[in-house]
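The values are calculated or read from the model by the stated rules, or taken from the named source; none is laboratory data. The model shown is predicted, which means the values in this text are computed figures rather than measured ones. When we count neighbours, we look across all protein chains shown, and the Cβ atoms used for this are built from the backbone with ideal geometry, even at glycine. Ligands, DNA and RNA are excluded from the accessible area calculation, which covers all protein heavy atoms including side chains. Shrake-Rupley method; radii C 1.70, N 1.55, O 1.52, S 1.80 Å.
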Amino acid sequence: MGEQDTLSLVDQSTLINVLNVNARMRDGRYDNRAVLSADYNYDRLTHSDDSRVASAYGEIKDRELGYTARLGRQPSASGGVLTRFDGGLFSYSVSPTLGVNVVAGSPVDKVAPKSDRTFYGASVDLGGVGTGLSTNLYYLHQDIDGITDREAIGTELRYFRDGASVFGLVDYETSYKELNIFLLQGNWISAAGTVYNVLLDYRKSPPLQTSNALIGETAGSIEELLATQSEDQIRSDARAKTATSKVAAVGVLHPLSTRWQVGADLTVTNTSGTPAAGSQPASAATGNIYTYAGKLIGTGLVTTSDVGVASVAHTTGNAYDANSIAITHRIPLGRLRVDVLLKHYEQ
């Protein structure tokens, strides 16, 4: 008989390399550090490679003079910076309740790979000593190929006191005159140890900016689009290609004993549709998608510090219904850790 086709197939064979270096120097006055985080992947099937530098920066913190300076590729900071960037951040503590910050640089993402994008911004940190409340007020302006990409004012709010924690963020896009992000997340632990949490998340997805006009286009820069379109048309396409995402969630986690906890969550998500714009076809809205979930958490089941979780969830929406059951167990064994996962999902 002739040979039969095999039912097995190699779909991935990749050499993954990750480098993380963190050097720190501390004394009575300074707290300085240098950070490098990068990865290199080689695909043995296609003989292609891919590399990325996630972070590469140096930071100086002078406790005596009250300033912090960071230069290089760094993660998004507060003050309206929404992505990793190449640039500098300088902070100065005027008093225990007042700080000022300035930031400038270029975003690091794949939204507009051939465009020239730069931004600058300033923010003020305000905090009441002993009140548990602090806030940040910011302004940020970002250009792309000579026109405005993003211009925003906003505020961040943090509160930690008496078992309660609240984080809020409001980002308003002034050039488009639209709310970009509204986020409110809160947790509260009662005297009995019950944990309550709530999440309200409204945001443009992706964040509203002129570079969104490049979504689905062959052009790699706004400069290319400007050769055939007006700035108003490009900004109109950017707005049309930006969906609105809404998430609301509430949850509770209650201790049954020193070893067992039981919890329940309700999450509602909704993503708007987008009209056809440029080469991008229209997309339909998802409608409300509801997820009901329950979980049982046990600690010290096998060893003194292992954790087991059993969870069930039901999701329902206009397009589909889904059910899932999962059991996870994390067992530390000296310097090793064993993770066990058993999951069933149907849709």
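Odds and ends about this structure:
- Selection from the stretch 29-71 of residues that are open to solvent by 70 Å² or more (accessible area, probe 1.4 Å) and under 18 Å from P96 (Cα atoms): R29, K61, R63, E64, L65
- Matching residues, the stretch 179-218, being under 22 Å from the mean Cα position of the chain (by Cα), of a type outside the set (S, T, N, Q) and closer than 30 Å to Q261 by Cβ: L183, L184, G186, V198, L199, L200, D201
- Among residues of the stretch 29-48 that are without any contact (Cβ under 8 Å) to a residue 12 or more places away in the chain and within 21 Å of V108 (Cβ to Cβ), none has a Cβ under 9 angstrom from a residue that is part of a strand (DSSP E or B) and open to solvent by less than 50 Å² (accessible area, probe 1.4 Å) at a sequence gap of 6+ or on a separate chain.
- In the stretch 100-152, the residue that is most open to solvent (accessible area, probe 1.4 Å) out of those that are basic (K, R) and assigned to a loop (DSSP other than H, G, I, E, B) is K110.
- Yes/no for T83 being hydroxyl-bearing (S, T, Y), touching a residue at least 24 places away in the same chain (Cβ under 8 Å) and surrounded by fewer than 16 Cβ atoms within 10 Å (Cβ to Cβ): yes
- Those residues of the stretch 325-335 which are in contact with a strand residue (DSSP E or B) (Cβ under 6 Å, 6 or more places away or on another chain) and either open to solvent by 80 Å² or more (accessible area, probe 1.4 Å) or over 25 Å from R259 (Cβ atoms) (or both), in sequence order: I325, I327, R330
- Taking the listed residues T194, T218, the one that is open to solvent by less than 50 Å² (accessible area, probe 1.4 Å), polar (S, T, N, Q) and in contact (Cβ under 8 Å) with a residue 60 or more places away in the chain is T194, with no other qualifying.
- For the stretch 307-317, the count of residues that are open to solvent by 50 Å² or more (accessible area, probe 1.4 Å) and more than 30 Å from S257 (Cβ to Cβ) is zero.
- Check on S8, free of Cβ contacts under 8 Å to residues at least 12 places away in the same chain, small (G, A, S) and within 30 Å of L208 (Cα to Cα): no
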